[in-house]
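Report on the structure given below.
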Amino acid sequence: MKVKKLDHVIIATEDVDEAAALWEKTLGLKRDAALEHPLGAGFKVARLPIGDAFLELVQPVEKEGRFYEQFQQRGEGMFSISVEVENLDEAVSFLRDKDVKVSDPEASIWPGARLARINHEYTHGVSIQLIERSPTR
């Protein structure tokens, strides 16, 4: 498995527009993209670039689904870390060979990307996503 880099950090928030304004005021980070209900998900998203990586602000807008349930348990703050891998299928296979629980690859909310999630029991409680991006990111 080859990890290429830190891709993005996901931060849960009650209000994505308010959070984006605060990040811009505090650190000068400006959103370059926003998605309303990506892929039918129950949340809104704003992306704030930082070099080759970005912060992803996520706001629940529906009262169901994995993100909403975890948001209710954990509240606002860091939600997960996403690392880019060279080959997602190989990474998932590599981890499963080591008896690590990892989800099947699925489409990302961002075009040209796929992801899989490592069970937090194997990452000291930190939610980790593995992401594979097409060469034209």
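Summary table
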| read-out | value |
| --- | --- |
| Relative contact order, percent, the chain [alpha-carbon distance under 8 Å, six or more residues apart] | 25 percent |
| Rounded accessible area per residue of the stretch 8-137, 1.4 Å, Å² | 57 Å² |
| Inter-probe distance in nm under a simple model that places probes 7 Å from Cα toward Cβ, at L22 and H124 | 2.6 nm |
| Surface share of carbon and sulfur [accessible, 1.4 angstrom probe, percent] for the chain | 50 percent |
| Additional length obtainable on full extension of the chain from S103 to E90, 0.36 nm per residue less Cα span | 3.4 nm |
| nm² value of the averaged projected area, convex hull over the Cα atoms of the stretch 74-122 | 4.2 nm² |
| Alpha-carbon centroids, the stretch 96-113 and the stretch 2-26: separation in whole Å | 21 Å |
| Over 19 Å [Cα-Cα, the chain], rounded percent | 51 percent |
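The values are calculated or read from the model by the stated rules, or taken from the named source; none is laboratory data. Everything quoted here is computed from the prediction, not taken from an experiment. Note: ideal-geometry Cβ built from the backbone for every residue, glycine included; neighbour counts use all protein chains shown. Keep in mind that these areas ignore ligands, DNA and RNA; they rest on the heavy atoms of the full protein, side chains included. Shrake-Rupley method; radii C 1.70, N 1.55, O 1.52, S 1.80 Å.
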